[in-house]
Amino acid sequence: MNSTVTTLWRGRELMRALTIANLKLVNKNTFLGYLWWLIDPIMMTAVYTIVVGFVLGRGRVHQPYPAFLMCGVVFWKSFSSTVSQSIDTIAKSEGLIKSYSFPKAVLPISLVLSNQILFAFALIPLMMLTLFYQFIIGTETVHVGWTLVYLPLIWAAQMSVTLGAALMFSCFGVFFKDLGNIMSHVLRVGWYLSPGLYAITDILKGYKGVAHTPITGPLCLYLLNPFAYIMEGYRDAIVYGRTPDLGGLLYTLLVGAVSIFLGLRVFQGQERKFAKFV
């Protein structure tokens, strides 16, 4: 494991170059170009707000619903895009793999880094929307303040689970060509099983006396979902000015650390076979 980390550190310049190259490729041939980094989360939030907030009437439960919703949307778009792109990131680098000797793990890692930069840009409209509700609309539930100091911790949790997933799925994608189609459906289900359109408290309300009884069965499985604490963490820290669930975030960091460890071990054992399958 130490040798793997050392090898990756030696390949940091290649990692940096690939990260920059990934950013340049995003929306390269579109008219608005990099503006889509800001427009895309706004459009996605608007669609879900109309369908879920107005048509289905869920917008009255969590105010302001657009800001509540965008916290889940920007995270899930970043995570799902990274996982989807990681599946074929090795195959797309066939020429590089067959021409040069380098640690192949830099490919998914550079992808994760570039998508995290895009995520940072997506936070700009979220912050602007939240400030709009606090200072222009005067929404009483919105409190932008000192809880923003928790953002690095929430981001670290997000980064760890994203990197772990990207490492594993980029490796699996080399050997299982149908993985991309399968994961598109899995990620869609994952979005609805995570509190992106609703809050964890909406789930807890279905369990009477949950605070005084053991958490078992489906509820226990739901609370094991690491994405729940990331989405709720962003809402608490950015929109509502509350301290996020620190225990949940530490659990998510642990899940991410384990997945990174497993991902690197998988790469260490399989990367020599990549040139035969891409």
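We did not get these values from a lab; they are worked out from the coordinates using the rules stated. Just so it is clear, the model here is predicted, and its values are computed rather than measured. Every residue, glycine as well, gets a Cβ built from its backbone with ideal geometry; the counts of neighbours run over all protein chains shown.
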| task | Starting from the Cα of ALA120, move 7 Å in the Cα-to-Cβ direction to define the label point; list residues of segment 16-52 whose amide nitrogen is under 19 Å from there. | result | 16-27, 34-41
| In terms of Cα to Cα distance under 17 Å, which aspartates and glutamates are near enough to LYS276, apart from those fewer than 8 places away along the same chain? | ASP88, GLU94
| query | Separation between the ARG188 and VAL61 pseudo-spin-labels, each 7 Å from Cα along Cα→Cβ, expressed in nm? | reply | 2.2
| query | Using alpha carbons only, how many degrees (0 to 90, rounded to 10) separate the axis of helix 151-175 from the longest principal axis of the chain? | reply | 40
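What is the ratio of the Cα radius of gyration of the chain to 2.2 N^0.38 Å, with N the residue count, to two decimals? All intermediate terms of the calculation are to be shown ahead of the outcome.
Numbers: Rg = 19.9 Å, N = 278, 2.2 N^0.38 = 18.7 Å.
The chain yields a ratio of 1.06.
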| request: Return the lysines within reach of LYS205: Cα separation strictly under 28 angstrom, same-chain partners fewer than 8 residues apart disregarded; answer none if there are no such residues. | output: LYS77
| Where in the chain lies the longest segment free of trypsin sites (Lys or Arg not before Pro) that are both loop residues by DSSP (not H, G, I, E, B) and have at most 11 other Cβ atoms within 10 Å? | 29-204
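I need the shape label for segment 154-197. Rule: rounded when a/c is under 1.5, else prolate if a/b > b/c, else oblate, with a, b, c from the alpha carbon gyration tensor.
Values: a/c = 4.88, a/b = 1.26, b/c = 3.88.
Cα axes put segment 154-197 in the oblate bin.
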| Taking only Cα atoms, what is the 0 to 90° angle, nearest 10, from helix 36-48's long axis to the longest principal axis of the chain? | 50
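Between GLU94 and TRP36, what length comes free when the chain is fully extended (0.36 nm per residue of separation minus the Cα-Cα distance, one decimal in nm)? Don't jump to the answer; show the numbers that get you there.
Working: separation 58, 0.36 × 58 = 20.88 nm, distance 2.87 nm.
Going from the current span to full extension adds 18.0 nm.
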| How about segment 63-144: which chymotrypsin sites (Phe, Trp or Tyr not before Pro) there are in a DSSP loop, with at most 15 other Cβ atoms within 10 Å of their Cβ? | TYR100
